[in-house]
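Worksheet: the structure to be examined is printed underneath.
Read the figures in this text as sums done on the coordinates, not as results from a lab. The structure displayed is predicted, hence computed values, not measured ones. Here the Cβ is made from the backbone with ideal geometry for all residues, glycine too, and neighbour counts use every protein chain on show.
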Amino acid sequence: MSINHPIPTKAKFAPTANVFQAPFSGVYDFNIAGNQKQTLFKLIPNTIFYLDNFSFAGNIAAEEYLSSLDLDNLPYFTLSKKSDRQSIYDKPIFLPSFVETKDAAAFISSNQLNDEAQITLSAKLDQIAATVGLSPMILTVSFNVFFMDDNEYAKAFMDSLKPEYSKRLRQ
């Protein structure tokens, strides 16, 4: 089930693509500095960003990815804001398989200058027969993002976050 949300006609589309690499060193360990806190996109003050969905793939076949997984420690990614390290999702997004399109609805905004949304991938994958000689292993996460830099939309969005808005809805 997906969340249907009207996107204003003035919204701008801004797809993302983050590439994560891990050399083979007994395992493919993605828990390295280059795969942590990568810039997903810059946050612009008075602009509302809407993450619609994401895709996840790599430089190996989907079956090879599944065979490389440690089922007790599934790969996952987290998103946060640079300025306050606030998580965008309450929990990590687990990656038990490659996906072409997965819903990931979230709104992000910031009033801080030079702020950004950041993504971190955490994963350890085993080497299997099909990946012998492969180094580095590459995994990618791409988001479909829309942003609204319309002052009226931003004001209405920010007003909806105030307690008075919730009280009006409950009446």
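Electrostatic bookkeeping for PHE54 treats Lys and Arg as +1 and Asp and Glu as -1; over the other residues with beta carbon under 12 Å from its beta carbon, the sum is -2. Here, the chain has an Rg and a Dmax of 18.4, 64 Å when only alpha carbons are counted. Under 5 Å between amide hydrogens, built in the peptide plane, is the criterion, and for GLU116 it picks out LEU43, LYS82, SER83 among residues at least 5 positions away or on other chains.
Summing Lys and Arg as +1 and Asp and Glu as -1 over all other residues whose Cβ lies under 9 Å from the Cβ of PHE146 gives a net charge of 0. Computed over segment 1-73, the P(r) curve from all C-alpha pair distances, binned at 10 Å from the origin, holds 12, 35, 30, 19, 5, 0 percent per bin.
Of all lysines in the structure, the ones whose alpha carbon falls short of 29 Å from that of LYS91, not counting any fewer than 8 places away in one chain, are LYS12, LYS37, LYS42, LYS81, LYS82, LYS102, LYS124, LYS155, LYS162, LYS167.
Between ASP29 and SER87, the contour length at 0.36 nm per residue exceeds the Cα-Cα span by 18.6 nm. Sorted fewest first by neighbouring Cβ atoms within 10 angstrom, LYS10, LYS82, LYS42 come out as LYS10, LYS42, LYS82.
For a quick check: sort THR9, THR78, THR131 by the number of other beta carbons within 10 angstrom, fewest at the front.
Numbers: THR9 5, THR78 17, THR131 20.
With the sparsest Cβ surroundings first, the list reads THR9, THR78, THR131.
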